Amino acid sequence: MRKLILAAASVAALALIGPASAQSPIVIKFSHVVAADTPKGKAADKFKELAEKYTNGKVKVEVYPNSTLYKDKEELEALQLGAVQMLAPSNSKFGPIGIKEFEVFDLPYILPDLKTLRKVTDGPLGAKLLKLLDTKGMTGLAYWDNGFKQMSANKKLIAPDDYKGLKFRIQSSKVLEAQFRALGAIPQVMAFSDVYQALQTGVVDGQENTWSNIYTQKMHEVQKYMTVTNHGYIGYVVVVNKKFWDGLPPDIRDELSKAMKEATEYGNNQSAKENDDALELIKKSGKSEILTLTSEQDEAMRKAMMPVYKDVASRVGQPLIGEFLKETG
Ligand code: LMR
């Protein structure tokens, strides 16, 4: 009897292992640092939905928002090591792994609007930049929008002089460092997940980000003033571990590419509205005063930041800046 039970148990175990392993889905861990309710968070969730649908469940996408899995710098290392398969870091975050060229997107006032941005990302220059990722063990799949950055502090930021001596949190980009230095401020690189606390405790005085990031991280609750500057852009490069991507069955890769294309269109079509909505919610909260600049004040900010182009020319590459300006000018 005992023998029979054991035999039956091992048959059952084999039956479990056999078909289960034959059917186990391919898992894509997609880690990111922002809230689910943001342009990037929503595009990632849309990709999950479409990828699972188009592959009939052969692929399972696990989205980890809000730095729950990794913070900024760690997530890129985790991708290179294969601990996660997909990320969408901002253009400003590739410098520390040796790709400085994406920092061109950080140049102040280089992108007048999202239509101009699309000319770059959807054209040959966008494709050329994605190719650079191959050398770092990743494949670039798409460009996702967030939107334009605004400035905030506990002091009114109107003229370039107002920035003098204040500490600003920045993403890990030398262009952003040069930008705040041009204003006489002190830039401090910090992971996105640490910004709220740093503002709350006064470790830094101010920051720059999009309305959706400001609102979902509650930064408006710890900053008295926000200035509509639209001085820079935050967008993302969706990257996948190259070995993982190249090793996928071609039909699965095709379905995932289709899902990515559609998720990109979905996300990029509504990013501007999400930032507009977040601005309204910040205004409604009454926690932070929103300041706007006159055209003269805006001009003074532009002028103060112009030296950045020269300061970072050797780092980002003057020909690349030229190419970019040709597309956007
Ligand atoms: C930041 O660090 O401020 C942003 O890059 C966060 C994000 O992913 O939007």
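Quick note: the coordinates plus some simple rules give every number you see, no bench work behind them. As the structure is a computational prediction, the values presented were derived from the model and not from experiment. Counting neighbours? That spans all protein chains shown, and the Cβs are built from the backbone with ideal geometry, glycine included.
When the Cα positions of ALA127, PRO96, ALA78 are compared along the charge dipole of segment 58-195, ALA127 comes out farthest toward the positive end, with charges on each C-beta of Lys, Arg, Asp and Glu.
Is segment 63-212 best put as rounded, prolate or oblate by its Cα gyration tensor, with a ≥ b ≥ c the root eigenvalues, rounded for a/c under 1.5, and otherwise prolate when a/b is larger than b/c, oblate when not? Judged from the Cα gyration tensor, segment 63-212 comes out oblate (a/c at least 1.5, b/c at or above a/b).
With both labels modelled 7 Å from their Cα along Cα-to-Cβ, the GLU299 to SER24 distance reads 6.6 nm. Taking Cβ atoms as reference points and 12 Å as the exclusive limit, the residues near LYS287 contribute a net charge of +2, counting Lys and Arg as +1 and Asp and Glu as -1. For LYS155 and LYS261, the difference between the fully extended length at 0.36 nm per residue and the C-alpha to C-alpha distance is 33.9 nm. Note on segment 26-328: Cα-only Rg and Dmax are 18.8, 58 Å. Across segment 26-328, C-alpha contacts under 8 Å between residues 6 or more apart give a mean separation that, scaled by the residue count, equals a relative contact order of 27 percent.
For segment 219-297 versus segment 101-162, the spacing of their alpha-carbon centroids is 11 Å. For the chain, the membrane-span-like helices by this rule, meaning whole DSSP H stretches whose C-alpha atoms cover at least 18 Å of axis and whose Kyte-Doolittle mean is 0.0 or above, are 2-23; this says nothing about an actual membrane. Computed from point charges on the beta carbon alone (+1 for Lys and Arg, -1 for Asp and Glu), the dipole magnitude for segment 26-328 about its Cα centre is near 340 Debye. Shown is the FRET efficiency for ILE290 and ILE252, computed with R0 = 45 Å from the Cβ-Cβ distance and rounded to the nearest 0.05: 0.45. Annotation for GLN188 and LYS60: the two label points, set 7 Å from Cα along the Cα-Cβ direction, are 4.2 nm apart. In terms of packing, defined here as the mean over residues of other Cβ atoms within 10 angstrom, the peptides 232-240, 110-118 line up highest first as 232-240, 110-118. For the listed peptides 285-294, 262-271, 220-229, a ranking on the average number of other beta carbons within 10 Å per residue, highest first, reads 220-229, 262-271, 285-294. Amide H to amide H distances under 5 Å link LEU141 with VAL238, VAL239, VAL240, where only residues 5 or more positions off or on other chains count and H is placed in the peptide plane. Taken one residue at a time, the phi angles of segment 86-102 give Karplus couplings (6.51, -1.76, 1.60, θ = phi - 60°) of 9, 9, 9, x, 6, 3, 6, 9, 8, x, x, 9, x, 10, 8, 4, 5 Hz. Gly and Pro are set to x.
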